[in-house]
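Input: a single structure, listed below in structure tokens.
The values are calculated or read from the model by the stated rules, or taken from the named source; none is laboratory data. This one's a predicted model, so the numbers in the text were calculated from it and none came from an experiment. Glycine also receives a Cβ, built like all others from the backbone with ideal geometry; neighbour counts cover every protein chain displayed.
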Amino acid sequence: MSRRRFLKNLGLAGAGLAINPLKSNEQPSNLTPSIKNNPLVISTWIHGMEANKGAWKILSQGGDALDAVQKGVAVTENDLTNRSVGLGGRPDRDGRVTLDACIMNHDSRCGSVAFLEDIQHPIDVARAVMEKTPHVMLVGEGAQQWALENGFSKVDYQVPIPQVQKDYEEWLVQSEYKTGVNVENHDTIGMLALDASGRLAGACTTSGMAYKIRGRVGDSPIIGAGLFIDGDVGGATATGLGEAMIRTAGSAAVVESMRRGASPEEACFDIVQRILKKHPGVDGMQVGFLAINKRGESGGYSIYNGFNYALRNKDQNKMVDAKHFKTWNEK
Ligand code: SD4
């Protein structure tokens with residue numbers, strides 16, 4: 001496909017956007033060790049630095065990408081000071097903390113849990129669902145029951161934790177319901193890794209939107225929305241207003257753009273642009289995507305400034321600011 005036709009398909013022709021020349025499509029092959037950039041791990045937001053550290057312990061010793069992303073995001077789930085991931089997260093409108101998570105490997109195997117309560121590591125349950133059941137997704141009471149029957153236990157501390165309970169009680173006074181993920185209210189972790197043998201994997205875990213309607217599930221546990229991996233191509237994950245990712249099958253769309261030749265950044269740009277066009281209601285809301293391809297190239301794009309991600313490989317361990325369409329004061 002010519003570059004011009006490709007840009008036209010992406011809706012970029014004539015937009016005057018500075019994007020990198022496209023790389024030619026490679027023939028799909030299931031296991032192509034990347035040329036120079038692996039192992040590599042990237043993950044959303046500043047807490048991604050600690051999470052990447054957990055993943056790097058595995059990747060740097062030649063370990064598997066799937067183990068790396070599971071252990072990596074578990075670091076963030078363990079951090080009870082995080083208000084958007086794990087049991088330190090903010091509750092729904094009824095005062096219950098409900099967790100969503102999913103995991104996916106190089107060969108398109110995946111597992112997911114949603115609306116799960118009182119279990120410290122939803123990502124571990126997601127992996128167990130993938131490996132021990134013929135299904136992909138378990139939710140709510142059934143997910144908890146299955147987890148308890150399969151070696152997981154409920155935590156022995158009070159959830160919401162006291163500080164979060166206090167904030168919730170203050171919120172109850174006004175009970176202002178904002179279905180928002182804005183600058184003050186986001187930090188789901190999505191992680192993508194490429195290991196030394198060229199295998200890709202991803203994981204995503206969150207407590208979701210603060211003070212959501214009880215039962216609301218966002219994009220994070222939904223394969224294709226909050227996370228998607230195709231070992232022949234690459235992977236993508238998302239953070240921000242989950243409804244926008246679900247409506248566009250956002251992470252799957254990013255991977256499909258890369259399959260057609262887009263770089264990770266171009267593919268993220270494309271989906272964020274599509275979301276802006278189709279969902280004017282996302283104005284004032286943050287949406288950010290991260291992507292990686294099988295050559296170990298990575299990139300991200302968001303609606304607003306402020307979205308950043310942690311990147312770690314053998315040469316670098318740093319935060320990267322994603323490019324964005326708008327700045328917050330332009331809302
Ligand atoms: C959700 N996407 O539940 C999640 C929230 C989020 O950073 O990403 N916050 O919609």
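Considering only the range 97-106, I want to know if a residue exists there that is assigned to a loop (DSSP other than H, G, I, E, B), within 16 Å of the ligand (Cβ to nearest atom) and within 19 Å of Ile222 (Cα to Cα). Yes - at least one qualifying residue is present in the range 97-106. Screening the range 212-330 for helices (runs of 4 or more DSSP H) wholly inside it with 2 or more residues that are more than 27 Å from Ala68 (Cβ to Cβ), touching a Phe, Trp or Tyr at 6+ places or on another chain (Cβ under 8 Å) and within 11 Å of the ligand (Cβ to nearest atom) returns no ranges.
Among the residues in the range 208-224, are any more than 23 Å from Asn82 (Cα to Cα) and out of contact with any Asp or Glu (no Cβ under 6 Å at 6 or more places or on another chain)? There is at least one residue in the range 208-224 that is more than 23 Å from Asn82 (Cα to Cα) and out of contact with any Asp or Glu (no Cβ under 6 Å at 6 or more places or on another chain).
Of the residues making up the range 107-148, those that are assigned to a strand (DSSP E or B) and in contact with a helix residue (DSSP H, G or I) (Cβ under 8 Å, 6 or more places away or on another chain) are Cys110, Gly111, Ser112, Val113, Ala114, Phe115, Leu116, Met137, Leu138. Residues that are in a helix (DSSP H, G or I) and in contact with a Ser or Thr (Cβ under 9 Å, 6 or more places away or on another chain) within the range 42-62 comprise Gly48, Met49, Glu50, Ala51, Asn52, Gly54, Ala55, listed in sequence order.
Scanning the range 198-210 for residues that are within 12 Å of the ligand (Cβ to nearest atom) and in a loop (DSSP other than H, G, I, E, B) turns up Ser207, Gly208, Met209, Ala210. Across the range 291-330, the qualifying residues are those that are in contact (Cβ under 8 Å) with a residue 60 or more places away in the chain and among the basic types (Lys, Arg), and the one among them that is surrounded by the most Cβ atoms within 10 Å (Cβ to Cβ) is Lys294. Here is a list of conditions, (1) modelled with pLDDT of 95 or more; (2) of a type in the set (D, E, K, R); (3) near the ligand (Cβ under 9 Å from one of its atoms), and Asp187 meets all of them except one; can you say which number that is? Checking Asp187 against (1) modelled with pLDDT of 95 or more; (2) of a type in the set (D, E, K, R); (3) near the ligand (Cβ under 9 Å from one of its atoms), the one that fails is (1).
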